[in-house]
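Just so you know, all these numbers are worked out from the coordinates, no wet-lab data involved. What you see is a predicted model; the values in this text were computed from it and never measured. Every residue, glycine among them, receives a Cβ derived from its backbone with ideal geometry; neighbour counts consider all protein chains shown.
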Amino acid sequence: MVKVSLLFANSESSEFNMDYYCNRHIPFLQKKLGTACRRVTVEEGLVGASPGLPPTFVAMGHLYFKSVESFQAAFDPHAAAIMEDPPDYSNVQPTIQISAVKIHRTRTGSSGRTRGGMSQDKTQP
């Protein structure tokens, strides 16, 4: 599995409309990318590495796909339309990172038991 991350750096001049991003842009992306996009998460930066420091990133969006190829096949036909939307929610040019997900664990309940487990995609180098 691969994760496509969009990292929106924080600065004094950063503007980011989280409501638009979550309620308009992400549903638009999901419609365009279809079932190839297996999961989406959005994070809003709260604080930096030390108390009182601003967050490094004002926002982060993460899209999960089976492979780089499945991401490209879903994204490429809609790239122009998708790339027209960012000025509607931010003045920040995101840093884009595509990563191989090596471990995905979910902890649920008060028992502390772990759901999921280690995940490795043997098809990726």
When the helices in the chain are scored as -39500 (n - 2.57) per DSSP H run of 4 or longer and the sum is shared across all residues, what 222 nm value do you end up with, to the nearest 500 deg cm²/dmol?
-4500 deg cm²/dmol
Set Lys and Arg Cβ to +1 and Asp and Glu Cβ to -1, take the dipole of the chain about its Cα centre, and tell me which of ASN17, PRO86, THR106 lies farthest positive.
THR106
In 10 Å bins starting at zero, report the fraction of Cα pairs in region 1-64 per bin as a rounded %.
20, 47, 25, 8, 0
THR41 to VAL101: extension gain in nm, 0.36 nm per residue of separation minus the Cα-Cα distance?
20.2 nm
For ASN10, enumerate residues with amide H under 5 Å from its amide H, sequence gap 5+ or separate chain, H modeled in the peptide plane.
PHE57, VAL58
Rounded to the nearest 20 Debye, what is the dipole magnitude of the chain about its Cα centre when Lys and Arg each give +1 and Asp and Glu each give -1 at the C-beta?
980 debye
Based on the Cα atoms of the chain, what semi-axes does the equivalent ellipsoid have, where each is the square root of 5 times one gyration tensor eigenvalue, given in whole Å with the largest first?
25, 23, 13
Pairs of lysines 8 or more apart, or on different chains, with alpha carbons under 23 Å: count those in the chain, would you?
10
